[in-house]
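Participant: Mind having a look at this structure? Questions to follow.
The values are calculated or read from the model by the stated rules, or taken from the named source; none is laboratory data. Not measured: the values here are computed from a predicted model. Cβ coordinates were reconstructed from backbone atoms using ideal geometry, including for glycine residues, and neighbour counts include every protein chain displayed.
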Amino acid sequence: MPRLLSALAFLALSLNAAVAQDQAPQEPAPGQSVTIDPLAKVNSSNRQSELLTGLYATQATIELCGIDVIEPGVTAMAAHRRQLQGELRMDEATGESAYAAIKADVEKAGVDCAEGSTDRTQANAVIAIYSGN
């Protein structure tokens with residue numbers, strides 16, 4: 001039975017590679033050109049969403065641990081948060097709801113607020129970036 005399963009797995013993997021090669025994009029025919037538009041809009045919403053989620057998690061850690069953030073860090077974080085929310089077409093209520101959900105997740109996962117802990121060190125590193133240090 002193990003030989004049969006191994007043979008079937010090998011066959012399946014071999015066929016997938018052959019099918020993928022058949023479906024690969026073809027080179028343009030001679031005489032055709034490819035035009036690249038440097039001003040074309042690129043969907044970067046996934047990256048923006050990941051950045052905003054990380055910022056929310058950092059702000060939740062800061063809030064839960066009572067970490068003081070001085071200027072210009074406070075202003076820079078708030079501006080970046082508004083920018084990311086705008087790029088994702090989130091209104092203020094949606095942004096606050098999303099932040100509350102992330103904060104609840106951070107709280108549920110348990111944040112280590114002890115000086116020198118990984119959570120606190122990472123939050124301090126982000127604060128330093130936004131503060132220009």
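Participant: I need a count of the residues in segment 58-109 that are assigned to a helix (DSSP H, G or I) and either of a type in the set (A, V, I, L, M, F, W, C) or touching a Lys or Arg at 6+ places or on another chain (Cβ under 6 Å) (or both). Steps first, please.
Facilitator: Narrowing segment 58-109 to residues assigned to a helix (DSSP H, G or I): 58-65, 73-87, 92-109.
Next, from what is left, pick out any that are either of a type in the set (A, V, I, L, M, F, W, C) or touching a Lys or Arg at 6+ places or on another chain (Cβ under 6 Å) (or both): 60, 62, 64-65, 74, 76-79, 84, 93, 98, 100-102, 104, 106, 109.
Within segment 58-109, residues that are assigned to a helix (DSSP H, G or I) and either of a type in the set (A, V, I, L, M, F, W, C) or touching a Lys or Arg at 6+ places or on another chain (Cβ under 6 Å) (or both) number 18.
Participant: Only one of (1) within 18 Å of ALA125 (Cα to Cα); (2) modelled with pLDDT under 70 fails for LEU51. Which number is that?
Facilitator: For LEU51, the exception is condition (2).
Participant: Please identify the pairs in which a residue from segment 91-108 that is among the small types (Gly, Ala, Ser) has its Cβ atom under 6 Å from the Cβ atom of a residue that is surrounded by 12 or more Cβ atoms within 10 Å (Cβ to Cβ) and part of a helix (DSSP H, G or I), counting only partners at least 6 apart or on another chain.
Facilitator: The qualifying pairs are GLY95/GLN85.
Participant: Could you list all residues from segment 110-133 that are of a type in the set (D, E, K, R) and either assigned to a helix (DSSP H, G or I) or within 18 Å of LEU52 (Cα to Cα) (or both)?
Facilitator: Residues satisfying the conditions are ASP119, ARG120.
Participant: Given the condition surrounded by 12 or more Cβ atoms within 10 Å (Cβ to Cβ), touching a Leu at 6+ places or on another chain (Cβ under 8 Å) and at pLDDT below 95, answer yes or no: does some residue in segment 65-76 qualify? Steps first, answer last, please.
Facilitator: Kept after step one, since they are surrounded by 12 or more Cβ atoms within 10 Å (Cβ to Cβ), are these residues of segment 65-76: 65, 67, 69, 72-76.
With touching a Leu at 6+ places or on another chain (Cβ under 8 Å) added as a condition, the list becomes none.
No; the residues of segment 65-76 include none that is surrounded by 12 or more Cβ atoms within 10 Å (Cβ to Cβ), touching a Leu at 6+ places or on another chain (Cβ under 8 Å) and at pLDDT below 95.
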